[in-house]
Structure formats: structure tokens, C-alpha cells
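The values are calculated or read from the model by the stated rules, or taken from the named source; none is laboratory data. Computed from a predicted model, the values in this text were never measured in an experiment. Glycine also receives a Cβ, built like all others from the backbone with ideal geometry; neighbour counts cover every protein chain displayed.
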Amino acid sequence: MNLRLIDAFGQFGAKLARLRAVSAIAADGALVLTCEPVNFGHPARGVLRYEDRLSREPMDAKSAALLGEHLGLARDGELPVRMVVMVPAGAKTAGPRSFHVRPDLIGKIVKFDGDHFIIDFRRREELNRKAR
């Protein structure tokens with residue numbers, strides 16, 4: 001389902017602190033992150049990896065600083081990461097970019113050095129099996 005950014009974050013109980021923000025902390029403590037399809041990879045079976053850098057353009061400085069703060073909180077607090085995927089303008093619609101959520105995937109920060117970050121997402125069912 002194609003949503004507006006504010007509605008996509010709302011699906012996870014999160015509110016954006018600023019108009020151009022790409023992350024927020026949800027009411028349940030999870031980090032909610034806007035992900036761009038080009039930054040996904042599959043390093044292992046059952047793992048969807050998201051890898052990016054805060055220093056990458058075109059993110060503005062305030063959004064990058066806020067994302068850095070959120071990534072640090074999530075890393076240090078071992079918070080789950082929830083995914084909002086950006087559908088670029090023109091990809092499937094003629095209008096502005098849109099977003100969809102992946103409630104079936106839960107991420108964990110595996111690396112964050114202040115700039116470069118890696119988040120591995122797995123299906124909720126697989127995480128439950130691993131916990132047993």
C-alpha cells in the first residue's frame with residue numbers, strides 16, 4: 001500500500017520530529033527508519049541488509065544528526081528497527097514519492113560507527129524460532 005511518509009511512520013506508532021526527518025523513535029521504543037531500495041542487499045538466507053552512511057547526500061544536516069542520534073540509541077539500547085520503504089517518484093506512480101511499511105520484518109543494528117551503519121532485517125517468525 002502506498003502511503004504518505006507521516007502515515008507510514010504512524011503505522012508503527014511513530015511521529016516525525018521534523019518535515020525532512022528519515023527516522024523516529026516509536027511509542028514502543030523501536031527505531032522507525034526510512035529505507036531506500038538501492039541500499040538493500042542479501043548477505044545470507046533470510047537476511048535483508050540495509051547499509052548506508054549518514055554523510056551520503058542528499059540528506060540535510062539536521063536530518064542526518066537526528067538519524068545519528070536515533071541509530072546510537074537503537075545500537076546502545078538494542079532497540080528493534082522497523083522499516084518504511086521509500087518508493088521513488090515515477091517508480092510506480094506519476095506523482096510524488098510514496099512509502100510502504102514492512103511490519104513482517106524486524107531489524108537489528110549490526111554496525112554503527114557514527115557514519116556507516118548496517119541493519120539486518122529478519123522475518124518476525126524467524127526471530128521467534130531463534131529465541132527458543
> Yes or no: VAL110 surrounded by fewer than 16 Cβ atoms within 10 Å (Cβ to Cβ), modelled with pLDDT of 95 or more and either part of a strand (DSSP E or B) or touching a Ser or Thr at 6+ places or on another chain (Cβ under 6 Å) (or both)?
Replying inline: yes
> What residue, of ASP76, ASP120, is assigned to a strand (DSSP E or B), among the charged types (D, E, K, R) and either at pLDDT 95 or above or under 17 Å from ALA24 (Cα atoms) (or both)?
Replying inline: ASP120
> Can you tell which of LEU67, LEU16, LEU71 is outside any strand (DSSP E or B), buried (at least 19 other Cβ atoms within 10 Å of the Cβ) and without any contact (Cβ under 8 Å) to a residue 40 or more places away in the chain?
Replying inline: LEU16
> Among the residues of the range 20-32, which ones are outside any loop (DSSP other than H, G, I, E, B) and over 12 Å from MET59 (Cβ atoms)?
Replying inline: ALA24, ILE25, LEU31, VAL32
> Of all residues in the range 35-64, which are part of a helix (DSSP H, G or I) and of a type outside the set (Gly, Ala, Ser)?
Replying inline: PRO37, VAL38, ASN39, LYS62
